[in-house]
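What follows is one structure encoded as structure tokens, with my remarks underneath.
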Amino acid sequence: MKFTTIKKLGLAVAAFGLTTVLGACGNEAEAENTQASQNEITAPEETTANDSRSLVIYSNALNDARSAWLEDIARDAGFELSLLAIGGGDLPNRLITERNNPIADVVFGLNHVAFETLKANDVLSPFTPVWADEIPNGWNDPEGYYHALTQLAITLVYNKAVLDETTAPTDWTDLWEREEFRGQYFINNNLGGATIRMAMASILVRYRDDNGIYGVSEEGWNAMRSFFEHGIVGSQDEFFQSLVDEVTPIVTLWTGGIIQREEEFGVNVGIVTPEIGAPFIIESISIVNGTQNRELAEEFINWFGSAEIQTKWSQEFYQVPANSIARPNAPEAMERLLDGVFPQDIDWEFVTENIDNWMTKIELDIMP
């Protein structure tokens with residue numbers, strides 16, 4: 001990756017990192033990244049006292065064959081992993097429910113909104129990995145409860161066989177305000193995924209009104225109603241095929257999942273770059289409070305977040321590493337994905353305080 005791009009990304013997320021620090025004082029998230037809304041991929045197996053190298057790991061970033069890859073490479077390093085993939089919105093609830101009898105040893109992939117929620121609910125245990133100093137200032141939790149792994153943006157993408165830069169939407173608001181885009185975009189019906197939650201948040205924060213319902217003006221809630229009214233609502237496992245089939249040539253996707261899907265489906269997509277910016281997300285990792293495998297969990301985090309493994313992770317799954325040593329080794333193709341995309345100015349503390357209420361209202365009062 002060229003230095004200019006690295007510098008641009010670093011500056012972009014520096015602003016995000018500052019809001020992370022500020023938001024940490026109040027009480028996030030999937031982007032999929034992950035940002036990945038999905039069911040279990042690999043259910044955690046029961047461990048016994050003889051499984052001295054076994055860890056249970058929860059994540060919302062285990063789609064796209066990542067589970068098998070991570071299990072294999074971790075086994076070579078001496079870890080036996082039981083992985084549970086859960087959407088980024090549902091995962092914090094799962095961990096909070098299990099707080100008094102934790103099953104997971106490690107959690108990764110969530111963004112700082114979700115991690116702040118977990119931190120406030122005493123789900124996390126502080127730990128400083130050996131690679132912590134290799135992360136840009138402001139990206140790790142200042143109290144050491146979670147540490148950054150990857151960076152991504154939540155974007156609208158379109159099928160270039162149907163639209164181009166002159167005919168594609170220029171912002172989310174175009175989807176429901178402009179007639180030609182009505183019925184042409186896909187909305188995930190599972191609000192338990194981090195990507196859809198952050199996309200919804202990026203819309204609602206534009207209509208902030210401290211006297212409104214959950215801090216959003218009536219105009220904002222009407223905009224959200226129009227968004228759902230004029231979109232095609234369906235299952236997460238249908239969304240990209242719908243773009244490929246040109247049924248809904250516009251979908252929401254996190255940047256880390258674009259190139260892999262282009263290669264898998266044989267399609268080229270364009271990225272919408274709103275003037276207001278896009279939500280930039282930092283995915284992190286943490287130890288679950290109460291784990292009986294504390295020493296092994298620390299060892300795993302030291303290994304997984306290292307520059308060596310994050311370089312392999314980024315190259316295999318087109319990620320942008322938070323680790324400053326691994327970052328220059330990220331795939332060159334990621335450069336074009338974030339060309340022209342910059343972070344939307346979002347009060348993440350405001351999002352953290354309201355995101356669950358927003359999703360509940362959308363599910364009960366707005367979704368068809």
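Counting only protein heavy atoms, what percent of the accessible surface of region 227-368 is carbon or sulfur at a 1.4 Å probe? It would help to have the intermediate numbers written out before the result.
Working: 2330 of 5580 Å².
After summing per-atom areas, the C and S share lands at 42 percent.
Within the assembled protein chains, the solvent-accessible surface assigned to Glu332 is about 100 Å², based on a 1.4 Å probe. Each residue of region 123-134 was assigned a 3J(HN,Hα) from its phi angle through the Karplus curve 6.51 cos²θ - 1.76 cosθ + 1.60 (θ = phi - 60°); the sequence is 8, 9, 10, x, 6, 10, x, 5, 9, 4, 6, 8 Hz, with glycine and proline shown as x.
With a 1.4 Å probe and every protein chain kept in, tell me what percent of the accessible surface of region 99-141 is carbon plus sulfur.
Numbers: 660 of 1620 Å².
Heavy-atom surface of region 99-141 belonging to carbon and sulfur, 1.4 Å probe: 40 percent.
For His147, the accessible area of its heavy atoms, probed at 1.4 Å with every protein chain present, is near 10 square angstrom. With a simple spin-label model that places each label point 7 Å from the Cα along the Cα-to-Cβ direction, the separation between Asn329 and Asp245 comes to 4.1 nm.
Coupling constants for region 224-241 follow from the phi torsions by the Karplus curve (6.51 cos²θ - 1.76 cosθ + 1.60, θ = phi - 60°), and in residue order they are 5, 5, 5, 4, 6, 4, 9, x, 9, 8, x, 6, 4, 6, 9, 5, 7, 4 Hz; glycine and proline get x. A Förster radius of 25 Å combined with the Cβ-Cβ distance from Glu179 to Glu275 puts the calculated FRET efficiency at roughly 0.75. Taking amide H as placed 1.01 Å from N in the peptide plane, Glu80 has its amide H under 5 Å from the amide H of Ser54, Leu55, each at least 5 places away in sequence or on another chain.
What FRET efficiency would be calculated for the residue pair Asp345, Ala68, taking the C-beta separation as r and a Förster radius of 51 Å, to the nearest 0.05? Provide the component values of the computation, followed by the final result.
Working: r = 39 Å, r/R0 = 0.76.
With a Förster radius of 51 Å, E is 0.85.
In terms of the Cα gyration tensor, with a ≥ b ≥ c the square roots of its eigenvalues, is region 59-110 rounded because a/c is under 1.5, prolate because a/b exceeds b/c, or oblate? Judged from the Cα gyration tensor, region 59-110 comes out oblate (a/c at least 1.5, b/c at or above a/b). Computed from backbone phi, the HN-Hα couplings of region 85-102 come to 9, 9, x, x, x, 7, 4, x, 4, 4, 5, 5, 4, 8, 3, 7, 8, x Hz, rounded to whole numbers (Karplus: 6.51 cos²θ - 1.76 cosθ + 1.60, θ = phi - 60°; Gly and Pro given as x).
Close amide H contacts of Ile187 (hydrogens built in the peptide plane, cut-off under 5 Å, sequence separation of 5 or more or a different chain): Ile232, Val233, Gly234.
Rounded to 0.05, the FRET efficiency of the Asn268 and Glu80 pair, given R0 = 51 Å and the Cβ-Cβ distance, is 0.80.
Packing, as the average of other Cβ atoms within 10 Å across residues, places the peptides 117-126, 154-163 in the order 154-163, 117-126, highest first.
The values are calculated or read from the model by the stated rules, or taken from the named source; none is laboratory data. What you are looking at is a predicted structure, and each value in this text was computed from that prediction instead of being measured. Reconstructed Cβ throughout: ideal geometry from the backbone, glycine too, with neighbour counts over all protein chains shown. Calculation scope for accessible area: heavy atoms of the full protein, side chains included, ligands and nucleic acids excluded. Shrake-Rupley method; radii C 1.70, N 1.55, O 1.52, S 1.80 Å.
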